[in-house]
């Protein structure tokens, strides 16, 4: 049995001011949500991911652990780490990203003393002007 080569990690910009493992997990979720990472796709090993992104193996392992806890990836000893084969993996990733985006939007609206709807409407108006 031969395994396909692992997915090639895009050149992501990581912000040192934010937890690196969380950024890596988020980027992988985005790849899943956009269906650029398909169910069953083999991911790079922890060491390869760490080397590609210039982070420690512990950081890469923590990102994988978070994704595994969310049920998005699974690791098979001696075979590697893979995107789960469930068809709803992209939907789960989209929901998590949407929930995070909404929570951020809600925090900003609260800070400005606005409702989320008012903030969205203002953003749409600004987008049409620019």
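The values are calculated or read from the model by the stated rules, or taken from the named source; none is laboratory data. Remember, it's a predicted structure, so these values are computed and weren't measured experimentally. Heads up, the Cβs are rebuilt from the backbone with ideal geometry, glycines too, and the neighbour counts pull from every protein chain shown.
Points worth noting:
- Matching residues in segment 47-64 - criterion: being in a helix (DSSP H, G or I) and in contact (Cβ under 8 Å) with a residue 40 or more places away in the chain: 48, 49, 52, 53, 62, 63
- Looking only at segment 14-52, and only at residues there that are loosely packed, with under 13 Cβ neighbours inside 10 Å and out of contact with any helix residue (DSSP H, G or I) (no Cβ under 9 Å at 6 or more places or on another chain), the one that is nearest to residue 84 (Cα to Cα): 40
- Search result, residues across segment 106-123 that are loosely packed, with under 10 Cβ neighbours inside 10 Å and either in the same structural domain as residue 30 (by TED's automatic domain parsing) or assigned to a helix (DSSP H, G or I) (or both): 111, 117
- Residue-level analysis places residue 32 outside the set of residues that are within 25 Å of residue 18 (Cα to Cα), at pLDDT below 95, in contact with a strand residue (DSSP E or B) (Cβ under 9 Å, 6 or more places away or on another chain) and not in a helix (DSSP H, G or I).
- Sole exception among (1) in contact with a helix residue (DSSP H, G or I) (Cβ under 7 Å, 6 or more places away or on another chain); (2) surrounded by fewer than 16 Cβ atoms within 10 Å (Cβ to Cβ) for residue 78, by number: (1)
- Some residue of segment 90-105 being in a loop (DSSP other than H, G, I, E, B) and more than 22 Å from residue 7 (Cα to Cα): no
- One residue stands out in segment 65-82 among those that are free of Cβ contacts under 8 Å to residues at least 24 places away in the same chain and part of a helix (DSSP H, G or I): the one that is nearest to residue 15 (Cα to Cα), namely 65.
- Residue within segment 36-46 that is touching a strand residue (DSSP E or B) at 6+ places or on another chain (Cβ under 6 Å), free of Cβ contacts under 8 Å to residues at least 60 places away in the same chain and in a helix (DSSP H, G or I) present: no
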